[in-house]
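Below is one structure, written out as structure tokens; comments come after it.
Just so you know, all these numbers are worked out from the coordinates, no wet-lab data involved. As the structure is a computational prediction, the values presented were derived from the model and not from experiment. All Cβ positions, even for glycine, are placed from backbone atoms using ideal geometry, and neighbour counts span all protein chains on display.
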Amino acid sequence: MAHVHTALIRWNAGDGDFLGRRYSRAHTWTFDGGAVVPGSSSPLVVPLPMSDASAVDPEEAFVAALSSCHMLWFLDLASRAGFAIERYEDAAEGHMGRNAAGKLVVDVVTLRPRTRVAGARVPDAAELAALHHRAHEECFLANSVRCEIRCEPGLI
């Protein structure tokens, strides 16, 4: 069963000096449900004012997507195991480094999930670790990190 997930990414040159590399990297991400998210390069990569610090950059979106996927699997597995999760938060972090070819990559993503359990049945440390381990094994994105990326350019 194949599923297709879409996002429409839009950027316009505006008044910037494109050939001089002094142009805005601000853009929008539009998702199939209608949500529009402001996107930009990270100010750590492209300095202000060409980046928009208030927008989501691809690196933090990558970290958030991994964290979100893990959380959704964890919640499903915890529910199936009979644990009533009341609250979940994760101060996830992505670290940039260089790969063997010297290319800049997100080389480590650390998830720091914290949960609050309601009710009488509370998982012990081993059960909690097992749920997170299984969530990691099931997470679509964690299983896709080294996937093929296809590029099909075109003009508009």
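Counting other Cβ atoms within 10 Å, keep those with at most 15, restrict to DSSP loop, and tell me which chymotrypsin sites (Phe, Trp or Tyr not before Pro) in region 57-156 are left.
Working: sites: PHE62, TRP73, PHE74, PHE83, TYR88, PHE140; in loops: PHE83, PHE140.
Listed in order of number, the matching sites are PHE140.
For region 21-68, which trypsin sites (Lys or Arg not before Pro) are in a loop by DSSP, counting at most 12 other Cβ atoms within 10 Å?
Numbers: sites: ARG21, ARG22, ARG25; in loops: ARG21, ARG25.
Hits after loop and neighbour filter: ARG21.
Helix 58-80 versus the longest principal axis of the chain: what is the Cα-based angle in degrees, 0 to 90, to the nearest 10?
Between helix and principal axis, roughly 20 degrees.
Over the Cα atoms of the chain, what radius of gyration and what Dmax do you get, in Å?
Cα only, the chain: 19.2, 63 Å (Rg, Dmax).
Where is the GNM fluctuation largest for the chain (alpha-carbon springs, 10 angstrom cutoff): ASP52, ASP107, ASP15?
Evaluated over the chain, the most mobile residue of the options is ASP15.
Could you state the angle between the C-alpha long axis of helix 125-138 and the longest principal axis of the C-alpha atoms of the chain, as a value from 0 to 90 degrees rounded to the nearest 10?
Between helix and principal axis, roughly 40 degrees.
Within a 10 angstrom radius of the beta carbon, how do GLU89, GLU59, GLU138, GLU152 rank from fewest other beta carbons to most?
On the way: GLU89 12, GLU59 19, GLU138 16, GLU152 4.
Fewest-to-most ranking of GLU89, GLU59, GLU138, GLU152: GLU152, GLU89, GLU138, GLU59.
Per DSSP helix of 4 or more residues, -39500 (n - 2.57); summed, then divided by the residues of the chain. What does that give at 222 nm, rounded to the nearest 500? Intermediate values should be presented prior to the final figure.
On the way: 2 runs with 37 residues, N = 156.
Calculated at 222 nm, the ellipticity per residue is -8000 deg cm²/dmol.
What ranking do LEU111, LEU72, LEU44 get, fewest neighbouring Cβ atoms within 10 angstrom at the top?
Values: LEU111 19, LEU72 15, LEU44 11.
The fewest-first ordering by Cβ neighbours comes to LEU44, LEU72, LEU111.
Please sort by residue number the trypsin sites (Lys or Arg not before Pro) in region 54-109 whose DSSP state is loop and whose Cβ has at most 14 other Cβ atoms within 10 Å. Present the calculation step by step, with values, prior to reporting the outcome.
Values: sites: ARG80, ARG87, ARG98, LYS103; in loops: LYS103.
When the trypsin sites (Lys or Arg not before Pro) of region 54-109 are filtered for loop state and at most 14 Cβ neighbours within 10 Å, LYS103 remain.
At a 10 Å Cβ-Cβ cut-off, how would you order VAL4, VAL145, VAL109, VAL45, fewest neighbours first? Before the final figure, lay out the partial values.
Numbers: VAL4 5, VAL145 11, VAL109 18, VAL45 15.
The most exposed by this proxy come first: VAL4, VAL145, VAL45, VAL109.
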